[in-house]
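Visitor: Okay, handing you the structure first.
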Amino acid sequence: MSDGGGSESGAPTDDPERSLGGLADREGWRVDGAAARVHYEGEGDRYSVEYYAPSDCVVYWKVPPEGSGETAVPVGRETVPTPLRERIRMDLDATGIDPAVERREL
């Protein structure tokens, strides 16, 4: 694992902000300050997924079609496709962030 990720064993790190560097190494993730973001598109739906290190939580946003004039809105986890949620948990775990934070209610 890279120095920006969690521990070598893959165990959750005590410092989520340190793991942001590990997320930046994962496909599609970008880090901006104390947050990391990744975008997904599939089956006609678009999502932006954000991990916030200070609060150690994940927020899902449904992104409208380009040119629609609509704004992205936060959505509940139960509306997000299971494969996407599983991918987010795998990415978190791979970087030393406890994947259980993906299930945390806001």
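The values are calculated or read from the model by the stated rules, or taken from the named source; none is laboratory data. No experiment lies behind these values; they were computed from the predicted model shown. Glycine also receives a Cβ, built like all others from the backbone with ideal geometry; neighbour counts cover every protein chain displayed.
Visitor: For region 10-30, what are the residues that are touching a Lys or Arg at 6+ places or on another chain (Cβ under 8 Å) and either modelled with pLDDT of 95 or more or among the hydroxyl-bearing types (Ser, Thr, Tyr) (or both)?
Guide: Residues satisfying the conditions are Trp29, Arg30.
Visitor: Answer with yes or no whether Glu50 is under 17 Å from Leu20 (Cα atoms) and either in a loop (DSSP other than H, G, I, E, B) or of a type outside the set (Gly, Ala, Ser) (or both).
Guide: Judged against the criteria, Glu50 is a match.
Visitor: Taking Ala72, is it touching a Pro at 6+ places or on another chain (Cβ under 8 Å) and buried (at least 18 other Cβ atoms within 10 Å of the Cβ)?
Guide: The answer is no for Ala72.
Visitor: While we're looking at this one, here's another question. Which residues, counting only those in region 42-72, are more than 17 Å from Arg104 (Cα to Cα), of a type outside the set (Ser, Thr, Tyr) and in contact (Cβ under 8 Å) with a residue 12 or more places away in the chain?
Guide: Within region 42-72, Gly42, Glu43, Asp45, Arg46, Lys62, Val63, Pro64, Pro65, Ala72 qualify.
Visitor: Okay, moving on. Of Pro65, Pro83, which residue is assigned to a helix (DSSP H, G or I) and either more than 21 Å from Ser19 (Cβ to Cβ) or modelled with pLDDT under 95 (or both)?
Guide: Pro83
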